[in-house]
Amino acid sequence: QVQLVESGGGLVQAGGSLRLSCAASGLIFSTYAMAWFRQPPGKEREFVATISWNGDKTYYADSVNGRFTISRDNAKNTAYLQMDSLKPEDSAVYYCAAGPYRVLTPRGYSYWGQGTQVTVSS
């Protein structure tokens, strides 16, 4: 079956960096758009970034544009989210998702990981 497994979350001070990974199995990874969403405590899941199947197109939420970088390695079936200049408001559970199109809504993605916690202290 399809599995997406996130890793790389943790506790970091404001201004620091983290790199999240999403390892995929059970699907033809190179044919799927990938995305990262996040869900802060008590809030709805929100879009962070998305990347096309071959990596040539990316799109970011305004709140992270210029600080986060999404990428993928199709040879390793893995997507990444490099997060720099982290702020306390970036604290959330981060989820990776796979879907047929590069869209901004959770409904557009077929498969989801279990999430990884990111906590940014001030």
> on the phi > 0 side of the Ramachandran plot and either assigned to a loop (DSSP other than H, G, I, E, B) or surrounded by 12 or more Cβ atoms within 10 Å (Cβ to Cβ) (or both) - does that describe any residue in segment 69-90?
Replying inline: yes
>> Could you tell me how many of the residues in segment 1-43 are closer than 23 Å to Ser122 by Cα and acidic (Asp, Glu)?
In response: 0
> Among the residues of segment 93-113, is there at least one that is part of a loop (DSSP other than H, G, I, E, B), among the polar types (S, T, N, Q) and more than 24 Å from Gly15 (Cβ to Cβ)?
Replying inline: yes
>> Of the residues Thr50, Thr78, Thr116, only one is among the β-branched types (Val, Ile, Thr), closer than 16 Å to Leu4 by Cα and touching a Cys at 6+ places or on another chain (Cβ under 8 Å); which?
In response: Thr78
>> Scan segment 14-21 and tell me whether some residue there is in contact (Cβ under 8 Å) with a residue 12 or more places away in the chain, under 12 Å from the mean Cα position of the chain (by Cα), loosely packed, with under 15 Cβ neighbours inside 10 Å and closer than 18 Å to Val118 by Cβ.
In response: yes
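Values quoted throughout were computed directly from the atomic coordinates according to the rules given, and no laboratory measurement underlies them. Small disclaimer: the values here were computed from a predicted structure and weren't measured. Reconstructed Cβ throughout: ideal geometry from the backbone, glycine too, with neighbour counts over all protein chains shown.
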